[in-house]
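**Q** Before I ask anything, let me first share the structure, which is written out below as structure tokens.
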Amino acid sequence: MSSKYDNMMKCAQVRSLANEKQYRNAYEVIQTINIEQVTALTDLNTIADVYIQLQKYAEAKGIYLILYEKFPTRRSLYQLVYLSLKCGEIEEAEEFYSEYETIDKSGDKIILRYYIDKAKGADRETLIRYLQELKEVEYMEEWGYELAKLYHKEGMSEACVEECSDIILWFGEGLIVEKAKLEVFYEEKLPTVFIGSQSGSLEAVDANRSLKEEIKIKILDSNGETDTEGECTIKSRGNSSYRDIEQKSYNLKLKSEQSVLGLSAGTEWALLANYRDDLQQMKNKVSFDIAKLLGMEYTPDSQFVNLYIDGQYQGMYLLSQRISSDGGSVKIHDLETENEQAMTTGVVPDNISGGYLLEFDIRASQEDAWFPLNSQTVRVKSPEKILDEELTYIMYYMKKVEYILHSENGVNADTGESYQDCMDMESWIKMYLLQEFFVQYDAEFSSFYMYKEKDDPLIYAGPIWDFDLAFGTVWEGNYPKLTARTLMMNAKAGWLAELDGYPEFHEKMILLYQNKFADIIEKYMSENFIREVENIQQAYHMNALRWEREFQDIQKEAGRMQTWISERKSFWDEYSKGEDTLTKVTFCFSWGNLSYYSKTGEEIGFLPQEIYGQIDKRAAEEYAYGLVSGWQDENGKLITENEVITDECMFYAIYDEK
């Protein structure tokens with residue numbers, strides 16, 4: 001067998017192995033070949049490709065020098081530029097490039113210039129300019145992806161998202177497209193939660209709020225380091241948000257109690273979706289943070305995260321401890337364990353005075369453990385498996401508290417027991433201030449929590465939860481100017497209003513605002529809030545893209561929240577002084593009334609209408625009211641923004657016909 005024939009057979013073997021991507025085996029065969037006797041262009045190209053796949057760039061360059069000498073093609077010259085750079089021979093690459101640019105007018109010339117300047121350490125702005133030029137000449141998905149990565153590194157998040165969207169639109173499928181999809185939904189400032197379901201999706205969990213599923217979870221901190229990893233259960237959560245919104249929120253239960261992302265240890269966690277167009281979860285984050293700074297016991301720890309489920313980006317979420325005494329934020333006596341024993345032995349625990357976690361909830365009657373009061377319905381959140389004796393005990397205890405609270409001077413005339421003997425004033429004052437300052441529309445309607453500890457006669461208020469309808473938003477729409485100068489709690493005629501009617505409570509609440517709360521708000525909004533908005537900026541836009549919502553300028557949205565809080569604080573600064581400088585105006589809508597405290601003797605300055613930035617969208621769309629077109633007094637006189645307010649008055653909405 002001749003040496004030439006032997007080389008031919010070995011070259012055929014190399015081609016076969018290379019086609020099967022067995023490059024290491026192909027390389028072993030190449031080592032036995034006399035390269036000088038290989039003359040076929042195809043064989044030389046295959047050998048060079050094997051070298052490149054194994055990152056043996058000097059050997060590959062040697063083959064292309066042979067190729068270029070025998071067959072001086074544009075491809076060979078292109079590879080010589082590329083391989084010279086891989087070998088660190090920039091000057092030689094420049095020489096080959098000078099020859100190459102005279103024979104090529106395609107986008108490949110731009111690609112080589114990009115390679116050379118990148119090797120020379122060119123700045124990202126220069127590299128971006130090359131790839132933008134390349135896109136104009138010829139759009140290639142791998143180079144579009146390279147451009148997107150440069151945008152990301154340069155902090156040009158919107159350009160990165162737009163470029164990746166172009167890749168997805170132009171090329172439709174493939175590895176680069178999938179990478180682009182991930183790049184669209186990736187950013188570095190927030191921690192990341194990865195969830196892997198057993199079924200391959202959470203469609204069943206999303207469709208059935210009572211269904212739980214075992215999942216694998218991995219949480220990376222903002223540095224990309226693994227913080228938490230293991231198994232847990234997941235289920236959908238929420239009421240109106242679950243019913244009406246595609247982006248679901250979830251409850252997580254870890255196998256064991258542990259700290260997550262530096263937050264307080266627990267097993268019960270919630271992933272709260274940012275499902276509205278405004279900074280909804282920022283409302284909850286601000287409320288939680290202020291409550292913690294105020295010293296409200298058991299306030300949930302929280303952290304913004306990006307969530308991926310089965311490899312698909314689901315959006316920006318607020319990871320928070322749940323309001324639970326079984327692995328959540330509320331650390332009270334565990335009746336649950338004692339009840340499990342009681343259900344086995346039939347013996348009621350000796351001491352059933354606590355702990356109970358309770359909630360004012362208008363939907364409480366749909367739950368297993370609940371009871372009615374005169375003005376509220378109460379859900380027993382803990383213990384979940386409550387004994388009949390315990391339910392009876394806590395029901396009559398709460399009825400006693402309600403009776404005393406509504407008695408003359410807050411005192412039971414028969415026993416002499418005061419509301420202060422059965423309610424913890426410190427926590428109720430903090431609860432009142434948080435609910436009223438942020439104008440919590442759902443206060444005492446739902447998600448209003450209280451607890452009673454073992455061997456403690458007091459009912460404690462808190463922790464706070466669910467401030468979606470706050471900061472100027474009520475169920476019927478957005479009313480920032482109106483709510484900035486309202487007093488919401490007194491209009492609700494609940495426990496908080498009753499408490500505020502007692503001078504000693506009101507005075508202590510005002511002192512807490514003046515001595516602590518006002519300073520907390522001012523410092524938080526000027527420092528913490530700005531940092532938090534900066535941290536979530538990219539994720540906020542990613543979330544909007546994921547759920548195909550209109551992009552909002554997060555700085556403008558944050559500015560609106562800052563403006564509302566600033567105006568709210570200005571009003572509270574006036575209100576807390578107790579001077580006779582404010583006059584109540586009641587605006588009467590078809591769906592209810594809202595108060596506004598105008599400066600006495602001054603023009604009101606606005607009216608609750610769309611032209612003044614007050615949007616009653618829900619009232620217009622979901623009810624038969626239409627939009628407010630004007631206002632009138634009880635005599636039918638039309639009211640303008642120039643109306644001077646000297647005495648308490650009521651104005652009535654005029655609606656457009658639907």
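**Q** Roughly what angle does helix 528-546 make with the longest principal axis of the chain, taking Cα atoms, 0 to 90 degrees, to the nearest 10?
**A** 60
**Q** Using r as the Cβ-Cβ distance of T226 and N528, and R0 as 35 Å, what FRET efficiency do you calculate, to the nearest 0.05?
**A** 0.80
**Q** Charges on Cβ only, +1 for Lys and Arg, -1 for Asp and Glu, centred on the Cα centroid of the chain; of G174, I654, W572, which one is farthest towards the dipole's positive end?
**A** G174
**Q** Now for a different question. When ligands, DNA and RNA are left out and all protein chains stay put, how many square angstrom of accessible area per residue does the range 82-183 have with a 1.4 Å probe?
**A** Each residue of the range 82-183 exposes 54 Å² on average to a 1.4 Å probe.
**Q** Quick one: how many Å² of S590 are accessible to a 1.4 Å probe, rounded to 10?
**A** Rounded to the nearest 10, that gives 70 Å².
**Q** With a 1.4 Å probe and every protein chain left in place, work out the accessible area per residue of the range 395-456 in Å², rounded to a whole number.
**A** Counting only protein heavy atoms, the per-residue value for the range 395-456 is 37 Å².
**Q** Turning to a different aspect of this structure: Please list the non-local residues whose amide H lies under 5 Å from the amide H of V474, H modeled 1.01 Å from N, same-chain partners needing a gap of 5 or more.
**A** Counting only residues 5 or more places away or on other chains, the set is Y479.
**Q** Report, to the nearest whole %, how much of the accessible area of the chain belongs to carbon and sulfur atoms, 1.4 Å probe, protein only.
**A** Whole-percent figure for carbon plus sulfur exposure: 46.
**Q** Given H placed on each backbone N at 1.01 Å, which residues far from G630 in sequence or on other chains put an amide H within less than 5 Å of it?
**A** I654
**Q** Turning to a different aspect of this structure: Can you compute the helix-only [θ] at 222 nm over the chain? Use -39500 (n - 2.57) per DSSP H run of at least 4 residues, normalise by all residues, nearest 500 deg cm²/dmol.
**A** Only helices count here, giving -13500 deg cm²/dmol.
**Q** For every other residue with a beta carbon closer than 11 angstrom to the beta carbon of L496, add +1 if it is Lys or Arg and -1 if Asp or Glu, then tell me the sum.
**A** Neighbour charge sum, excluding L496 itself: -3.
**Q** Output needed: percent of Cα pairs per 20 Å distance bin for the chain, bins running from 0 to the one holding the longest distance.
**A** With a bin width of 20 Å, the distribution comes to 15, 37, 26, 14, 7, 1, 0.
**Q** Next question, about the same structure. First measure r as the distance between the Cβ atoms of L211 and S629, then evaluate 1/(1 + (r/R0)^6) with R0 = 41 Å and state the FRET efficiency to the nearest 0.05. Mind dumping the intermediate values first?
**A** Working: r = 47 Å, r/R0 = 1.14.
Taking R0 as 41 Å, the efficiency between L211 and S629 is 0.30.
**Q** Students often forget the sequence filter, so: which aspartates and glutamates lie under 20 Å Cα-Cα from K556 once same-chain residues fewer than 8 apart are removed?
**A** Output for K556: E158, D277, D278, D468, E522, E527, E532, E534, E548, E567, E610.
**Q** Cross-link partners among aspartates and glutamates for K61, C-alpha distance below 14 Å, same-chain residues fewer than 8 apart left out?
**A** Straight-distance partners of K61: D49, E69, E89, E92.
**Q** Which lysines have a Cα less than 18 Å from the Cα of K235, not counting those fewer than 8 places away in the same chain?
**A** Cα-Cα hits under 18 Å: K212, K216, K218, K248, K253, K255, K381.
**Q** Evaluate the distance, in nm, between pseudo-label points positioned 7 Å from the Cα of S418 and of L169 along their respective Cα→Cβ axes.
**A** 6.9
**Q** For the range 474-573, report the accessible area per residue in Å² (1.4 Å probe, heavy atoms, rounded to an integer).
**A** Dividing the accessible area of the range 474-573 by its residue count gives 44 Å².
**Q** I would also like to ask the following. Assuming 0.36 nm per residue, please report the length gained on full extension of the stretch K385 to E340 beyond their Cα-Cα distance.
**A** Working: separation 45, 0.36 × 45 = 16.20 nm, distance 0.78 nm.
The span from K385 to E340 would gain 15.4 nm if fully extended.
The values are calculated or read from the model by the stated rules, or taken from the named source; none is laboratory data. Note that the structure is a prediction, hence the values are computed from the model and not measured. Ideal geometry is used to build each Cβ from the backbone, glycine not excepted, and the neighbour counts take in all protein chains shown. Only protein heavy atoms, including side chains, enter the accessible area calculation; ligands, DNA and RNA are left aside. Shrake-Rupley method; radii C 1.70, N 1.55, O 1.52, S 1.80 Å.
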